[in-house]
Structures are given as C-alpha cells and as structure tokens.
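Let me begin by presenting the structure, written as structure tokens, before commenting on it.
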Amino acid sequence: MSIVTLVSMSRKISILAAVCLFLNSGHSQSNVNLRVMAANLNGNTQSYQPFALRILQGLQPDVVCIQEFNYSNNAASDFRALLDGTLGTNFVYYREPFTAGGDIPNGIISRWPILAAGSWADAQQSAPNRGFAWAQIQLPGTNSLYVVSVHLLTSSAGARSAEATALQTLMQANFPTNAWVVLAGDFNTGSRTEATTMTTFDSYLSDFPVPADNNGNSFTSENRNYPHDYVLPNFALTNFETATVFPSQSFPNGLVFDSTVYTPLSDVAPVQFGDSTNAQHMAVLKDFSIPGGGTIVVTNPPAITTQPQSQAVATGGSVTFSVIATGTSPLSYQWLFNGTNIFGATNNPFTFTSAQLTNAGNYSVTVTNIAGSSTSSNAVLIVTNAPPSISIQPQNQNVLAGQVATFSVTASGTPPLNYQWLLGGTNISGAITNPFVLANVQQTNAGNYSVVITNLAGSVTSSVATLAILFTNPVVFAQWNFNSVPPDGSTTTGSTVPSVGSGTAALIGGATATFATGDTTFDPAGSTDNSGWNTATYPAQGTGNKTRGVQFAVSTAGKQNIVISWSSQSSNTGSKYGRLQYSTNGIDFADFPAAFTNGTSFTVKTNSLAAISGVSNNTNFAFRFVAEIESTAMGTANTNYVAAGTTYGTSGTMRYDMVTVSGTAILAASPALLTAPSVAGGQFGFTVAGSAGLNYIVQTATNLTSANWQPIFTNTAPFPFGDTNLAAPQKFYRAISQ
C-alpha cells in the first residue's frame, strides 16, 4: 500500500494510523484521490461560458459543487455535451429543477454514480430561485459521500446565519451518523469568522486548513478581497485530507485557483491567463485520500470523560489545559480560543507561557478520530485585573460617499471591555460595538471620531481619527457624436474627432464609411444636424468573422470602472450581431463576453469593463465594434452572418452614434503604515493601515538592498497579516498601495 506524503507531520501520522487500523482489521485497502471543487465560475451572463469550462477541464475535479448552473438552452442534451466535452463521458450530474426565467440553480457533478439527489428549500428567499442541492455519491469501495451545494444570500449576514442554522438541521437529520459529508459552494461571507454563519458551520464542519493561491491569498471573490467560497468536510472526513497536487506544484492546504497568479499554466491546460478574471469567483479545491475498497472498521467515536478546567493566572504566568477522551485511536486534538481554532494547538495537554490580558477568554478542544468528533465544554481563563489599554488606535479614513466606514481599536484589559464611540467629543447613540460601522456615509458623518473604553478597573480614551467623505461619480471622459463642427445643417457630413475628451477613431479590416442620420433620441443634437458613422464593405457571407468594423483608442489614465455605451443599428442586409472587443496594449484584442444585437432602428447598448484586468488606468486602452457570425455570437450551429432585417449582403451597413467612454476617478492611496508587530507560536505578524477601503500589497525580501521584493498578500486596508518563517533566512517586510 502506498501512503500519500503530507507536508503536515501531525496529519501524516493521523493518516498513517488510520491506514494501520484498516490493515490490522484484516481488510486490504488501496487509496483513491477524491478532489472536491466549489465552483461559482460563470460571468455576468449567469450561464457557463468557455473560460469557466476551461477551468473545470484544467483542474480535473472528481466532484463539483456548482452554482448558477445554466448552460446554452438548459436542455438535458446541453448539460450532457458540457460534461462530455469538459470532464468526460463517465461524469454524471444533478441540477435543481428550476425552469423559470432568471433562475440560478445549484448542482452537483460527479465522476462516480449519484445514488440519490434532491433539493431542500431555502426559507430565507422571498422569491426562491435556488435551494440547497444535495446528492449521495457512491465512492469506490463501499462508502458513500454526501455532498451539499449551496449559494447563500448576499442580502445580509443575518440571512446567511439563518441559512447556516437550517443547513445544520437538514444535514444532521437526513444524513447517516458518521457519514462522510462535504458542504461546498458560494457562502457570500464577508469574513471567515462571520457570526453566526461560520461559527455554526465550524461546530460540525472543518474550515482548517484554509486553502490559498500561489501567493498565500485565501480570498475567493472576483476582486480577491473576501472569502466567499468554501469546501468544508465534516470531522469524519478530515483525517483523509491530503495535498492538492499538480505536475509542478503541491498545495498542502488545498488550492484557491486564480489563473492570473498560478504558474505554470501548463499544469492546468487548457486554462488561459485571463480566465479567472471573467469568473464571478475563484475555484476552491480540497483533496482527500480515501480507502478505495473493503469495509472500513469504525468502532467508537471520541467521548470526553474529563473536561478542561477553568483557571485564573497572573499576567505573565504559564497556562496548561488538558482533556481526557476515549475512542478508537488515533485521536486528534484541535484547541480553540473563543470558538476559533488556535494555529498549531494540536497537542494534549495544550500549554502556553507568558499569559497576557488578550489571552483571557474561553478555551475548548475538538477531539477527532475516523468515527467522528466531540467538542469539550468551555474552560474560562481569567487574567488578573488591569485597566484598559490601547495598542492600536483608530485610523483616519477617506471614504467615498455612500460607502461604508469602519472604525476599530485594539485594546486589552480585564474583560468585559465596554466601548462608547464619540463624534466631535459627543457620544454617538448606540455606538457601543468594536468595530463601529457606519453604512452609507454622507457629508454629515465627516468629523473626528474617538472611543472611550471602560472596565471595572478604569477607562482610557483613544486618539482622534478623522473621517473625510470623498465624492466621485462616473464621468464621461471621451465621446464621439460624429456631428459636424461647427454645425452645418446636414446629416451627411460629420466628424470622427471626439466631441468630448481626446482619442482616435478608425476603420479596420477594409471597412468603409460615410455619414448618415444618427440617433435623434440619444444625441442632443436632435434631427437637423445629427450624424452617425455609417460603415459598410463588410465580409462575404461566412468569412472574415470579427475582422471588420470601427476602432477607437482612448487613454483611461487616472480612471477606473470603465463603461462603454453606444447607439447602433444595421440596415436590412447588415449584420444582426456585433461584438465589442477591447485591448490593453492597443494591438491585441479580446472579446467582451457577450455579443450585441442590432435591429433596423437605433438602440442603446452598455457594456461594463470594470471587472476586466488592465482596462483601468491604461494609456494604451482601445476598443472596437466588429460584425460577427451567429455561431460565435449566440453559440448556435449557424456559421453565417444573419441580417438585421432580410438577407445578409456585403452592401449592408452598421451605423454608430454617441460612442461614449465613462469611468470614476482613481483615488490616490496614502502610504501604508505597519503597526503592532508581534511574534507568537512561530508566526510573525503586524497590521497594515493606510487609506481605508483601498488595496495594499505586502511584499518580502531577504535583505534591504534587494531589488526583487516579492508580493505575498493583497488585501483592503486596514487588515492583519501573519507569516511563518521557521527555517528560511531572515525576512524583511513592506507594504505598498496597489
């Protein structure tokens, strides 16, 4: 029997012991790798596109918990074609039975047979368009895997908390005791400790170890600033977790896959560099090395016979917590502080020295073996009385109007600590939490904020943090209305010089153009002098797809959240379909994910490029409109151009007016401020502050003269950062604005 080599020695011992249990029971076992993926990969169309299918094909999952599971016309033959062409003809699937327009059902895809499946209703949805999809999968051997695929609400943490409670009740009521269970999908959580969503899940599922990408970033949202997506096994399955391995990379904690940071991409062919930028979320993988045959002997799950004991200690003293548990060996231990796993605390007894006021709180332990798990009661640690003291003061913030401002303070002292926030020295009614959050800030919220912290031993007042409200709205910085300057009273004359801002307009691929009547509704020029750019000489039927049309070049320097809008129509014989293409270097162009459709009268179109990397703050940005055949525009089998009215012909025209480029200003970030350095448990950490709400990159180097600072983590300020460096040379750290 081969045993998978693991990075974590404690996990390696656990797996080895489990394998020995099987051998000693007289059963021959061969391990099978099980790769489970959480996948909310489609783009804004809420239907799976080629970039998402390439990610599925390249990562080679065995089980996929998929969200917004729509494809082509949503016929059974469409989903069969998706599986056959992407994963293999042996894969099967379950999709929630939603058919109404706008539905975004969950689903489960499996390499192995699905024995049973269904959907539990989500009572939190006022207009349900998805539920909790579940399936029982027959794994190799005699064991089943019970999988639940979910897409929790974005509306509020309270709604997600209620969904988490309902899921716990449903899973524990419907799945066998000690079954192998995985809950995966898009949780939409703002943090890994969101109350009480994640604390509910953590009571019977495991979020440890946390998967990350090549740079150590565990966030999975499109902008990589929130932990939205998870693969959570139950405690009966955690002993089988193993590294996620690719030809040249191994990830002991599992993988958050981002095609823009993964190297080399040859590991995951046919994935392309920009595929993840088109997806709503990153894919998340966890692997398990499971017994592939025979009967697993499961006898006694853990039972705690002696609970950890509460204790009091003076500041600086040593603390030891212990537990006595029975159950089938081996037993694994994970200690928790206030319900959160303590990094590296896997021994029994658990000891730490030099207790500080911040160590006061509730300690518990989860004991796990192959048969299940048991969590102890809380043991309370009391550290000697001390008045409050502040280690990290509230930080100044510049926040856009309508956004969220969050003030926080880091304080120690004998609990409980009480907080009262003030604006301009006056108490704010109800502002007694830490952190203190202001939603939808306006100019009336600007001013000086501070906080008074009290306990039985005294009080302390923080320094003042100033909140400044910034106003930035989308502005038009380039526009072509094609009207004559000065007006000449004729629609058949015009200009390709921008009417707003600067830039260039050109014909491409052999297209020709004249001026004709423009959009008299969208263009404020009205009808007497309103010109449009009327382009002609398009390719012969079925040839030159997406090669002819018009091209615009405009600098987006200092701008972000770029939006392209325009009005267009085609003649009866002109192409019905067109495509917006964009370029970040002015030479190479990529397709916007969705084609546009022309009728024989003007209609306004709008495409947002805000989520596309490289478009913002780019002096070489360019875009163009080209004619497109139906097969690539709509995903059909018709490889010809389709006319907007009658029959396509090369004499047909495509006419454009009011081509507009808008965006918001990019705010300059203040320099990063690194505070509160600390070393604990072999981990060095600090807090990164700066302009709240803007991104900062943590970099590291081995000497201060190095020109090769390496980025290792990106997040929105303010945020804490930690790094373990037990064996490597010394490191230096810095943070810069993104």
| task | Output the residues belonging to region 696-722 that are closer than 22 Å to Val679 by Cβ, part of a strand (DSSP E or B) and in contact (Cβ under 8 Å) with a residue 60 or more places away in the chain. | result | Ile712, Phe713, Asn715
| Would region 178-187 turn up any residue that is of a type in the set (D, E, K, R) and over 24 Å from Pro61 (Cα atoms)? | no
| query | Which of the residues spanning region 649-665 are farther than 24 Å from Ser484 by Cβ and of a type in the set (Val, Ile, Thr)? | reply | Thr650, Thr664
| Answer residue from region 444-463, given it is buried (at least 16 other Cβ atoms within 10 Å of the Cβ) and more than 34 Å from the chain's Cα centre (by Cα) and is farthest from Asn530 (Cα to Cα) among those | Asn455
| Residues of region 115-131 that turn out to be under 15 Å from Ala162 (Cβ atoms) and either surrounded by fewer than 17 Cβ atoms within 10 Å (Cβ to Cβ) or not charged (D, E, K, R) (or both), as a count | 8
| message | Could you go through region 185-196 and let me know if any residue there is closer than 22 Å to Asn42 by Cβ, at pLDDT 95 or above and of a type in the set (D, E, K, R). | response | yes
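Under 27 Å from Thr199 (Cβ atoms) and either under 25 Å from the mean Cα position of the chain (by Cα) or not aliphatic (A, V, I, L, M) (or both): does that describe Ser149?
yes
Could you pull out the residue among Met658, Met654, Met634 that is assigned by TED's automatic domain parsing to the domain that holds Ser499 and on the phi > 0 side of the Ramachandran plot?
Met658
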| task | Kindly indicate whether any position in region 165-183 is within 16 Å of the chain's Cα centre (by Cα), closer than 20 Å to Asn341 by Cα, outside any helix (DSSP H, G or I) and hydrophobic (A, V, I, L, M, F, W, C). | result | no
| field | Among the residues listed as Thr433, Thr410, the single one being exposed (fewer than 14 other Cβ atoms within 10 Å of the Cβ), outside the structural domain of Gly361 (by TED's automatic domain parsing) and under 33 Å from the mean Cα position of the chain (by Cα) | value | Thr433
| query | Could you say whether any residue in region 68-76 is modelled with pLDDT under 95, at negative phi and in a helix (DSSP H, G or I)? | reply | yes
| note | Taking first residues from region 268-280 that are in the same structural domain as Asn188 (by TED's automatic domain parsing) and surrounded by fewer than 17 Cβ atoms within 10 Å (Cβ to Cβ) and second residues anywhere that are hydrophobic (A, V, I, L, M, F, W, C) and not in a loop (DSSP other than H, G, I, E, B), the pairs with Cβ under 7 Å that are 6 or more apart or on different chains are Phe273/Leu265
| remark: Within region 547-558, of all residues that are outside any strand (DSSP E or B) and modelled with pLDDT of 95 or more, the one surrounded by the fewest Cβ atoms within 10 Å (Cβ to Cβ) is Thr547
| note | If you go through Ser601, Ser570, Ser583, the only one that is polar (S, T, N, Q) and in contact with a Ser or Thr (Cβ under 7 Å, 6 or more places away or on another chain) is Ser570
| surrounded by fewer than 17 Cβ atoms within 10 Å (Cβ to Cβ) and over 30 Å from Asn534 (Cβ atoms) - does that describe any residue in region 477-490? | no
| message | Residues that are within 18 Å of Trp421 (Cβ to Cβ), at pLDDT 90 or above and in contact with a Gly (Cβ under 9 Å, 6 or more places away or on another chain): list the strands (runs of 3 or more DSSP E) wholly contained in region 436-509 that include at least 3 such residues. | response | 447-455
| remark: Checked region 78-96 for anything within 23 Å of Gly118 (Cβ to Cβ) and without any contact (Cβ under 8 Å) to a residue 40 or more places away in the chain; matches are Asp78, Phe79, Arg80, Leu82, Leu83, Leu87, Asn90, Phe91, Val92, Tyr93, Arg95, Glu96
| query | Pick from Lys559, Lys546, Lys576: which is in contact with a strand residue (DSSP E or B) (Cβ under 9 Å, 6 or more places away or on another chain) and at positive phi? | reply | Lys546
| request: Give region 353-385 a look and list any residue that's surrounded by fewer than 17 Cβ atoms within 10 Å (Cβ to Cβ) and over 34 Å from the mean Cα position of the chain (by Cα), or say none. | output: Thr353, Ser354, Gln356, Ser377, Val380, Ile382, Thr384, Asn385
| When residues of region 199-230 are limited to those that are part of a loop (DSSP other than H, G, I, E, B) and of a type in the set (Phe, Trp, Tyr), the one surrounded by the most Cβ atoms within 10 Å (Cβ to Cβ) | Phe219
| field | strands (runs of 3 or more DSSP E) (entirely within region 559-655) containing at least 2 residues that are surrounded by fewer than 19 Cβ atoms within 10 Å (Cβ to Cβ) | value | 559-570, 603-608
| request: Within region 145-164, track down each residue that is outside any helix (DSSP H, G or I) and surrounded by 17 or more Cβ atoms within 10 Å (Cβ to Cβ). | output: Leu145, Tyr146, Val147, Val148, Ser149, Val150, His151, Leu152, Leu153
| Among the residues of region 476-498, is any in contact with a Leu (Cβ under 7 Å, 6 or more places away or on another chain) and in the same structural domain as Gly586 (by TED's automatic domain parsing)? | no
| query | What are the residue pairs meeting all of these: first residue in region 158-185, first residue more than 18 Å from Ala236 (Cα to Cα) and assigned by TED's automatic domain parsing to the domain that holds Thr238, second residue basic (Lys, Arg) and at pLDDT 95 or above, Cβ atoms under 6 Å, and 6 or more apart or on different chains? | reply | none
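The values are calculated or read from the model by the stated rules, or taken from the named source; none is laboratory data. None of these values were measured; they are calculated from a predicted model. Ideal geometry is used to build each Cβ from the backbone, glycine not excepted, and the neighbour counts take in all protein chains shown.
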